[in-house]
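First the structure, in the form of structure tokens, and then the observations on it.
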Amino acid sequence: MKTSEANADETAILTVAGETDAVEFESNEEETRHVAGAGCRYVIAVHNKRTSELTVLPTPMSPYILTHTVKALKSIEPAPAPSALEYLKAKTALGETFGTKKAKAAIRARERNRVDIGAMEGVMDFVMAGIDNASGGLMTTEEAKDVADANRQVPPFSLEATEPENIYPLHGIIPEPEWKALPVSVFYEAGSMRERNQVLAFRGSEWINARIEATMTKNAGGDKDRKHQLRILFYIAAMMAFRNTTSRKFKKEDLATKLRNVPEAVVDSLLARFTETPRGSTQPRTTPQLELRLLAHILALCLRVDNYAADHALIARDLSLGVDKVTQVFKSLGCKMITLSERERTRLGLPDSVADEKRAVLTAPVQFPKQRLKKKTR
């Protein structure tokens, strides 16, 4: 066995070479360096078989990784690596000869499904032309997005709006004729909060009652803004009462009693927009899609009242719904559930006690959540 120094620097590696009558050995420098870098140092002595001498090394050394070459095979050219097709053919032959019944069945199934490329060469142009003709009527990505937006169960919206108040126009939720018919003087005629609560069609909403009280006592904004806010709150209460009544079997005649103080034009509009009358029947009914649309209209108005940072947890409690469901509807409107900064809380007049609470916040331009693809079930 002979050794020679390969490098003179600190990382020098010795080249170790040797041979027998049949095999040649030579150290592999790359593998040796890899072993040395891994911290493998366990060579502490070298034994010479010819002289029976044992030489103890002053310090442990890394082992040398040797490659060997059979002398009788050196003159034979190495066989080229098989191609993927040749490998697959050899694997198939082995499977057909020695494979289990299950393996052989899998081979036959694979062969049946294999496409004969040679047979397809003459018809590929016809196949591609057929694909082009068939796909001519398919929607583009932009067209598919427009269809998805048109089918959203939300109020009419503007994708170009640069301010939150312009995303869902007020009269897209409350038609102008109904807006003009909404009573406001009844709030001024009521002498107390209890009396103002009796004016509403839905009286069990903590969210509505708190906003009415804040609106009546607020000095900023003037009487015009106060009346504007009271109209919206009155309409939200009417929609909540309508939702409670139509969520179970009802008669059209019952709505006049349940929604007292609500103008007839408003009741008729809610019936037309959020119920349907089955064929052969005279009684309207709601559907899950229409109920979702009604809920989206209610929450869009709540956003407007709360300056587009709505207390979704309180609203969910008033609607007797789970917070998760109300959160999903807010997200379908383009909202994000976030905690407000100190600056935002100051702008909205919120106390520091709600610093850790999240709000449904709508920003412009609106961004709707992407449709999730359902996983295929086997």
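Values in this text are rule-based calculations from the coordinates and carry no lab data. Computed from a predicted model, the values in this text were never measured in an experiment. Please note: Cβ atoms are built from the backbone with ideal geometry, for glycine as well, and neighbour counts cover all protein chains shown.
To test your reading of the geometry: what angle, between 0 and 90 degrees and rounded to tens, separates the Cα axis of helix 124-134 from the longest principal axis of the chain?
20
Would you mind working out the magnitude of the charge dipole of segment 316-368 relative to its Cα centre, with +1 at each Lys and Arg C-beta and -1 at each Asp and Glu C-beta, to the nearest 20 Debye? If you can, show how the numbers build up before the last one.
Working: 9 positive and 7 negative charges, 38 e Å.
That gives segment 316-368 a dipole magnitude of about 180 debye.
Work out the length of the dipole vector of the chain about its Cα centre, built from +1 on the beta-carbon of each Lys and Arg and -1 on the beta-carbon of each Asp and Glu, and round it to the nearest 20 debye. It would help to have the intermediate numbers written out before the result.
Details: 55 positive and 49 negative charges, 475 e Å.
The calculation lands at about 2280 debye.
Once the piece of chain linking ALA45 and GLU206 is laid out straight, how much longer is it, given 0.36 nm per residue of separation minus the C-alpha distance between them?
Stretched fully, the ALA45-GLU206 segment lengthens by 49.2 nm.
As an exercise, use a Förster radius of 22 Å and the Cβ-Cβ distance of GLU86 and ALA109 to find the FRET efficiency, rounded to the nearest 0.05. Mind showing how you got there, number by number?
Values: r = 22 Å, r/R0 = 0.99.
With R0 = 22 Å, the Cβ-Cβ based efficiency is 0.50.
Rounded to the nearest 0.05, what FRET efficiency do GLU30 and THR55 have when you use their Cβ-Cβ distance and R0 = 25 Å?
Approximately 0.40, to the nearest 0.05.
Could you tell me which of PRO78, SER332, ILE107 has its Cα farthest along the dipole of the chain towards the positive end, charges placed at Cβ (Lys, Arg +1; Asp, Glu -1), taken about the Cα centre?
SER332
Just from its helices, what would the mean residue ellipticity at 222 nm be for the chain, if runs of 4 or more DSSP H residues each count -39500 (n - 2.57) and the sum is divided by every residue, rounded to the nearest 500 deg cm²/dmol?
-14000 deg cm²/dmol
Report the percentage of all Cα-Cα pairs in segment 250-378 whose separation exceeds 26 Å, rounded to a whole percent.
Result: 39 percent of Cα pairs exceed 26 Å.
How would you order 175-186, 264-275 from highest to lowest mean count of nearby Cβ atoms within 10 Å?
264-275, 175-186
Rg/Rh for the chain to two decimals, with Rh computed the Kirkwood way over all alpha-carbon pairs.
Ratio value, two decimals: 1.35.
How much length, in nm to one decimal, is gained on full extension between THR282 and THR67, taken as 0.36 nm per residue of separation minus their Cα-Cα distance? Walk me through the numbers before you get to the answer.
Values: separation 215, 0.36 × 215 = 77.40 nm, distance 9.25 nm.
Once the chain is fully extended between THR282 and THR67, it gains 68.1 nm.
Can you give me the convex hull volume of the Cα atoms of segment 148-227, divided per residue and expressed in Å³?
With only Cα atoms used, segment 148-227 gives 141 Å³ per residue.
Let's test the formula: R0 of 41 Å, r as the Cβ-Cβ distance of GLU96 and ALA129. What FRET efficiency results, to the nearest 0.05? Provide the component values of the computation, followed by the final result.
Details: r = 39 Å, r/R0 = 0.95.
The calculated FRET efficiency here is 0.60.
Here is the link list: LYS258/LYS370; LYS252/LYS370; LYS218/LYS251; LYS227/LYS336; LYS218/LYS258. Which ones come out longer than 32 Å on Cα distance? Intermediate values should be presented prior to the final figure.
On the way: LYS258/LYS370 39 Å; LYS252/LYS370 38 Å; LYS218/LYS251 40 Å; LYS227/LYS336 29 Å; LYS218/LYS258 30 Å.
Result: LYS258/LYS370; LYS252/LYS370; LYS218/LYS251 exceed 32 Å.
Taking square-rooted eigenvalues a ≥ b ≥ c of the alpha carbon gyration tensor, is segment 253-296 rounded, prolate or oblate, where a/c under 1.5 means rounded and, failing that, a/b exceeding b/c means prolate?
Since a/c reaches 1.5 but b/c is at least a/b, the shape of segment 253-296 is classed as oblate.
May I ask for the angle, rounded to the nearest 10°, between helix 222-246 and the longest principal axis of the chain, with both axes built from Cα atoms and the value confined to 0 to 90°?
The angle comes out near 70 degrees.
Are there any trypsin sites (Lys or Arg not before Pro) in segment 63-94 that are in a DSSP loop and have at most 15 other Cβ atoms within 10 Å? List them by number.
Sparse-neighbourhood loop trypsin sites (Lys or Arg not before Pro): LYS74.
Rounding to the nearest 10 and keeping the result within 0 to 90°, find how far the Cα-based axis of helix 323-332 lies from the longest principal axis of the chain.
Roughly 90 degrees between the two axes.
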